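Structure record follows, encoded as structure tokens.
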Amino acid sequence: MGTALIYDEEMTKYKLLWVDPACKIETPERLTVSYEALVRNALAERCISVPVREATNSEILLVHSEEYLEAVKKTPYMTLEDLKEFTLQYGDVYFHPNIYHCAKLAAGSALQLVDCVMTERVRNGMALVRPPGHHSQHSAANGFCVFNNVAIATRYAKQKYGVKRVLIVDWDIHHGQGVQYCFEDDPSVLYFSWHRYEHQTFWPQLRESDYDSVGKEKGAGFNINVPWNQVGMESSDYLSVFCHVLLPVAYEFCPDLVLVCAGFDSAIGDPEGKMCATPEIFAHLTHLLMNLAGGKLCVVLEGGYNLTSLAQSVCQTVQTLLGDPLPRLANLSGPCRSALESLQCVRSAHRQYWSCLKHAASLPPADISTKRIKLAEEEAKTEVGEEEKSTEEKVWPEPPKRFSPPVRCASVLPDDVTRPDGCKRLGADQDVNPLTASKLKDDDCDTLSRVITLVEKMEQNEICSGLALVCDVTVAMTQVVQHLTPDPVNRVLIVCVGNGKVPSHITRDGKTLVVQINSEETEDQNSKYYIPVFLKKGCSDTSGFMHAVFGLILPLGYEYDPNLVLLVRMPDSGVCDAVWQQLTGLLQSFAKGHTLVLMQENEKAFVGPTTSVLLGDPAPPLENRQAPNTEDLNVVERLRDRLQVNWNLLQTTSECTG
Ligand SMILES: CC(O)(O)CCCCCNCCCN
Ligand SMILES: [Zn+2]
């Protein structure tokens with residue numbers, strides 16, 4: 001199944017007709033540069049082009065009042081003076097004779113996206129629209145928004161397709177208060193938003209944008225606000241929040257559909273956000289959401305005002321939706337102190353609602369409230385100036401080209417195991433380099449030499465990922481590590497699932513990082529590079545396992561930044577299919593998708609499910625939503641406490657930083 005792209009140049013045909021410093025950044029060029037970049041990078045042609053349509057009255061009325069709709073209906077016939085007059089009743093937004101038409105097209109585009117994803121005509125998709133939507137409210141336009149595109153799409157999906165749970169991820173740098181107001185008492189819609197806040201001094205300066213707005217009545221816990229109280233946030237900060245807040249909660253929520261309020265003003269260079277995360281981060285944020293809801297992911301454009309970073313970020317997002325391998329995120333420094341404060345605040349505010357957070361620190365950092373008051377007082381003192389003091393132009397490197405290796409997935413299988421379609425079989429002889437074969441002294445040398453050849457072809461980027469059935473995974477793992485070209489940049493992340501002795505010598509000098517999830521206590525080797533995660537209920541406990549994936553494996557993997565990932569399924573690990581597939585999917589975040597899966601020969605039943613994920617299909621949703629058991633949560637928390645001195649991305653509170 002493919003990726004939908006919805007765009008129509010009609011939505012470029014409105015603009016600001018008078019002087020208004022607050023609105024001048026919202027221009028038609030935002031849409032044209034985004035679409036043209038997709039065309040230029042040969043991404044648009046790989047998408048399924050879906051036409052726009054106007055949202056109907058009844059669809060708009062799913063969110064907005066009749067009075068508001070009737071009022072907006074009159075704007076096409078207004079004079080310039082009337083339009084200015086009409087605009088005055090709202091904040092930070094402008095009207096134009098053609099904006100009503102475009103607003104119907106923007107909302108209709110989101111509905112078209114929902115239709116083709118829910119009818120499985122496509123797997124996922126992106127709608128390039130303007131005007132944006134997430135600030136508009138029941139009876140008000142606001143913040144460049146006229147109709148709330150994503151809120152309407154959410155109500156539409158529930159009404160037309162009986163979708164029970166919708167996750168809305170709002171990575172725009174402004175708080176989508178319009179979405180919050182719409183669903184704050186609705187437990188079937190989980191709204192997650194991060195936003196520049198600076199202790200309520202940044203637009204829209206709402207008290208209800210802070211972390212303690214968790215939702216109302218039945219909706220308590222289903223509204224998650226992550227305020228950024230400083231500018232300059234980087235990829236590390238964004239990934240920390242995904243790993244330690246959004247993903248654990250999203251998996252516990254188990255949505256049937258995921259919608260993204262995709263604003264790219266959270267990228268480096270944006271005049272509104274003033275953040276420092278490079279465009280590649282959106283490839284990762286998108287990928288981390290692609291194994292939820294069976295891959296049903298609808299991305300709808302919101303903000304983004306630096307035309308260069310906007311276009312690059314849109315391309316990173318669409319290329320990931322298309323399934324291309326991700327770029328590596330170089331030298332992640334770990335979350336800054338302010339981000340850790342926000343992280344701690346959000347986790348403590350939501351610990352009572354989500355079992356994955358029940359071990360979170362119970363209180364926000366002591367001084368957080370005084371900071372808010374102090375900063376607000378300071379703000380009051382300085383004149384309210386739109387022009388920012390620091391106007392230095394941010395520069396960042398062009399994101400690296402992300403081309404797919406000629407072979408997406410190769411397998412080394414015993415002759416009696418059928419090769420899954422789409423997967424290339426690594427032949428016995430023709431592919432194997434004789435030098436390698438000679439070096440292997442093992443009785444299984446034929447298979448092992450093919451495994452080594454597979455790894456060599458991954459290093460040369462001829463093959464993206466691989467799977468091998470071997471007679472002894474431990475031997476195979478050891479051989480792979482030994483045969484890696486001794487290149488100083490070689491770093492292998494090894495994730496061992498299940499019991500079994502991992503030879504200690506392979507955790508040599510930091511060239512490998514081994515994380516083993518098992519169900520039996522191993523002697524506690526206090527090494528930075530060997531991390532045993534002992535789960536009482538072993539790998540069969542889905543919640544405990546996934547807690548270790550989000551809280552430990554993902555952060556460690558991002559910080560370690562390997563160029564190869566070995567996923568090893570130890571004999572009788574007890575891990576269930578869906579969890580195994582989720583892990584396989586999530587590990588493709590690293591090493592440009594170079595994942596080698598090693599399994600015992602008798603586990604041929606898992607060859608199909610594993611290769612389907614290696615080939616880019618989404619992992620099936622984890623049906624169960626029971627809480628991780630307490631001991632397992634304890635294990636992961638204790639490990640995190642012990643390891644976070646060495647691994648910054650494991651931090652979740654600001655107390656720990658010295
Ligand atoms: C879709 C969106 O969230 O990007 C809209 C943001 C509106 C910002 C209003 N204030 C602008 C102040 C200009 N310096
Ligand atoms: Zn924004």
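The values are calculated or read from the model by the stated rules, or taken from the named source; none is laboratory data. For clarity, every value in this text was computed on a predicted model and none was experimentally measured. Using ideal geometry, Cβ is built from the backbone for each residue, glycine included, and neighbour counts are taken over all protein chains shown. Please note that ligands, DNA and RNA were not included when accessible areas were found on the heavy atoms of the full protein model with its side chains. Shrake-Rupley method; radii C 1.70, N 1.55, O 1.52, S 1.80 Å.
Quick notes
- Residue list for the range 92-126, filter: within 31 Å of the chain's Cα centre (by Cα) and within 16 Å of ligand 2 (Cβ to nearest atom): D92, V93, A106
- Index of the failed condition, S309 passing every other in (1) open to solvent by 10 Å² or more (accessible area, probe 1.4 Å); (2) within 11 Å of F264 (Cα to Cα); (3) not in a loop (DSSP other than H, G, I, E, B): (1)
- Criterion: out of contact with any strand residue (DSSP E or B) (no Cβ under 7 Å at 6 or more places or on another chain), of a type in the set (V, I, T) and within 16 Å of ligand 2 (Cβ to nearest atom) - qualifying residue of V146, V169, V150: V146
- Residue in the range 542-562 that is open to solvent by 10 Å² or more (accessible area, probe 1.4 Å), part of a loop (DSSP other than H, G, I, E, B) and closer than 20 Å to L643 by Cα present: yes
- T278 vs. criteria within 15 Å of the chain's Cα centre (by Cα), open to solvent by 10 Å² or more (accessible area, probe 1.4 Å) and touching a residue at least 12 places away in the same chain (Cβ under 8 Å): yes
One line per residue, one yes/no per condition, for (1) within 17 Å of L467 (Cα to Cα); (2) at pLDDT 80 or above; (3) open to solvent by 20 Å² or more (accessible area, probe 1.4 Å):
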| residue | (1), (2), (3) |
| --- | --- |
| F403 | no, yes, yes |
| V407 | yes, yes, yes |
| S411 | yes, yes, no |
| V417 | yes, yes, no |
| K439 | no, no, yes |
| D442 | no, no, yes |
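- Restricting V613, V568 to residues that are assigned to a strand (DSSP E or B), among the β-branched types (V, I, T) and under 23 Å from E459 (Cβ atoms) narrows the list to V568.
- The residues of the range 70-128 that are touching a residue at least 60 places away in the same chain (Cβ under 8 Å) and among the charged types (D, E, K, R), listed by number, are K84, D92, E120, R121, R123.
- All positions within the range 281-307 that are of a type in the set (D, E, K, R) and either without any contact (Cβ under 8 Å) to a residue 60 or more places away in the chain or within 16 Å of ligand 1 (Cβ to nearest atom) (or both): E302
- Scanning the range 1-13 for residues that are within 16 Å of E302 (Cα to Cα) and of a type outside the set (S, T, N, Q) yields L5, I6, Y7, D8, M11.
- Counted residues, the range 294-306 - those being more than 16 Å from ligand 2 (Cβ to nearest atom), out of contact with any helix residue (DSSP H, G or I) (no Cβ under 7 Å at 6 or more places or on another chain) and open to solvent by less than 10 Å² (accessible area, probe 1.4 Å): 1
- Members of the range 315-343 found to be within 24 Å of Y197 (Cα to Cα) and of a type in the set (A, V, I, L, M), listed by number: L332, A339, L340, L343
- Any chance P562 is in contact with a strand residue (DSSP E or B) (Cβ under 7 Å, 6 or more places away or on another chain) and assigned by TED's automatic domain parsing to the domain that holds T453: yes
- Looking across the range 92-128, the residues that are part of a helix (DSSP H, G or I) and β-branched (V, I, T) come down to I99, V114, V117.
- Test: residue in the range 268-276 that is in contact with a Pro (Cβ under 6 Å, 6 or more places away or on another chain) and either within 16 Å of ligand 2 (Cβ to nearest atom) or among the small types (G, A, S) (or both): no
- Scope the range 151-170; condition outside any helix (DSSP H, G or I) and within 16 Å of ligand 1 (Cβ to nearest atom); matching residues: I168, V169, D170
- Residue pairs meeting the criteria (Cβ under 6 Å; at least 6 apart or on separate chains; first more than 13 Å from T542 (Cα to Cα), in the range 557-578; second open to solvent by 10 Å² or more (accessible area, probe 1.4 Å) and not in a loop (DSSP other than H, G, I, E, B)): P571/Q600
- Candidates Q581, Q588: the one that is in contact with a helix residue (DSSP H, G or I) (Cβ under 9 Å, 6 or more places away or on another chain), within 24 Å of L484 (Cα to Cα), open to solvent by 10 Å² or more (accessible area, probe 1.4 Å) and not in a loop (DSSP other than H, G, I, E, B) is Q588.
- Number of the exception - S136 against (1) near ligand 1 (Cβ under 9 Å from one of its atoms); (2) open to solvent by less than 20 Å² (accessible area, probe 1.4 Å); (3) more than 17 Å from I6 (Cβ to Cβ): (1)
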